[in-house]
Amino acid sequence: MKKIKQIGVDYVLMGGPRTPWTEESLREIMDPFKEEGLKVINMMIGGFNNVIYGREGRDEEIRKVQDSLVAAGKAGLPIVEYNFYAHRFMDGYYEELARGGAGNTAFDYDRGKDIPHDPKEGEAQTADMLWKNITYFLKAVIPVAEKAGIRMALHPNDPPVPVSHGHAQIMATFKDWKRLIEIVDSPANGMTYDCGVSREIGEDPVEVLRYLGSRDRINHMHYRNVTVDIPYLKYQEVFFDDGQVNMFEVMKEVFRLGYRFGIYPEHPRGLDYDKEHQGGIGNQYPGGGGYAAQTYNVAYTKAMMQAVASL
């Protein structure tokens, strides 16, 4: 915790406990951070695969999510983040060397696009099936979130491929994101805006930010840079100062919108220092880094914030 505070960070996010959450279980996690001057503002919730697949048992999983949202409201946790994948495509990642031999996280859909569906993963989900399932979910949980004072943030599909092991992906285009926020017309039904993913799908990250932010649907934000060879299919995650996303213009729009929730400078690059001092790479992706690289990300982000604030 001290390492986090030392680099000028006051807010943290993390994965949540098993559902159903209780106020007590959340406070046990959050209070130690509070004692160190850190506020937990976002937890990831999961454990509802039957909902995603539309299977028997989904109503029980939804009740657990509903109870967890009530507990989050009582514990003072403002944002609950989640994913809605039938399958996440992790087969296309590999490392490319960047400046000075640092690691970039590269992605190429061709490395695994032909991997067939595994029946053990459940029935292959079509887009229509997934839209039906997420609609059922949101109409059940968003009213509870509203009453509890919670905002939910759905992370877009990353990587944003069209199909993963035979399963459709319904959060992989800007059109998908627009459709999501219309299912339940509420600020509690929001997204995690990711300027990196926005560029991965060939969109202008500032325009995506403006669209979602002007409708008050950005409940969390990821800040990172990429270079894209083929939208959706082939790209690299790069240093913040070395990609196609204009990070300064993104931050200017964040301030113009009056965005007031978390900004997570994510996916640190692979530095030799982290490999030598942390017993290996800290980031789960090939070419990813650890604390030293994350310190760079935080410093860059804070510099962008200060620069925009001074305009």
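Read the figures in this text as sums done on the coordinates, not as results from a lab. Remember, predicted model here, so these are calculated numbers, not experimental data. FYI the Cβ positions are ideal-geometry reconstructions off the backbone, even for glycines, and counts take in every protein chain you see.
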Exercise. In whole angstrom, note down how far apart the Cα centers of the range 133-179 and the range 1-58 are.
Key: 19
Practice problem: Search the structure for amide H atoms under 5 Å from the amide H of VAL40, placed 1.01 Å from N in the peptide plane, and list their residues when 5 or more places away or on another chain. | Solution: VAL12
Quiz item: What distance in nm separates the simple spin-label points at GLU123 and GLN278, each placed 7 Å from Cα in the Cβ direction?
Solution: 4.2
Self-check item: Relative contact order of the range 2-309, pairs being alpha-carbon contacts under 8 Å that are 6 or more residues apart, as %
Solution: 16
Quiz item: Going highest first, how would you order 186-199, 114-127 by mean Cβ packing within 10 Å?
Solution: 186-199, 114-127
Practice problem: Would you please give the residues with an amide H less than 5 Å from that of ASP194, counting only those at least 5 places away or on a separate chain, with H modeled from the backbone geometry? | Solution: HIS222
Quiz prompt | Difference of contour (0.36 nm per residue) and Cα-Cα distance, ASP229 to ARG260 | solution = 7.9 nm
Exercise. Label the range 102-216 by shape, choosing from rounded, prolate and oblate, from the square roots a ≥ b ≥ c of the eigenvalues of the Cα gyration tensor; if a/c is under 1.5 it is rounded, and otherwise prolate applies when a/b is larger than b/c, oblate when it is not.
Key: oblate
Quiz item: Okay, helix-only estimate at 222 nm for the chain: each DSSP H run of n ≥ 4 adds -39500 (n - 2.57), divide by all residues, round to 500 deg cm²/dmol; what do you get?
Solution: -12500 deg cm²/dmol
Quiz item: Among bridges DSSP assigns within the chain, what percent are antiparallel (round to 5)?
Solution: 45
Self-check item: Additional length obtainable on full extension of the chain from GLU249 to ALA307, 0.36 nm per residue less Cα span
Solution: 19.8 nm
Quiz item: Stretch GLU96-ILE7 to full length: gain in nm at 0.36 nm per residue minus the Cα-Cα span?
Solution: 29.3 nm
Self-check item: 5 angstrom amide H check on GLY262, placed H, neighbours 5+ away
Solution: MET221
Self-check item: For the range 90-109 and the range 185-237, distance of Cα centres in Å
Solution: 21
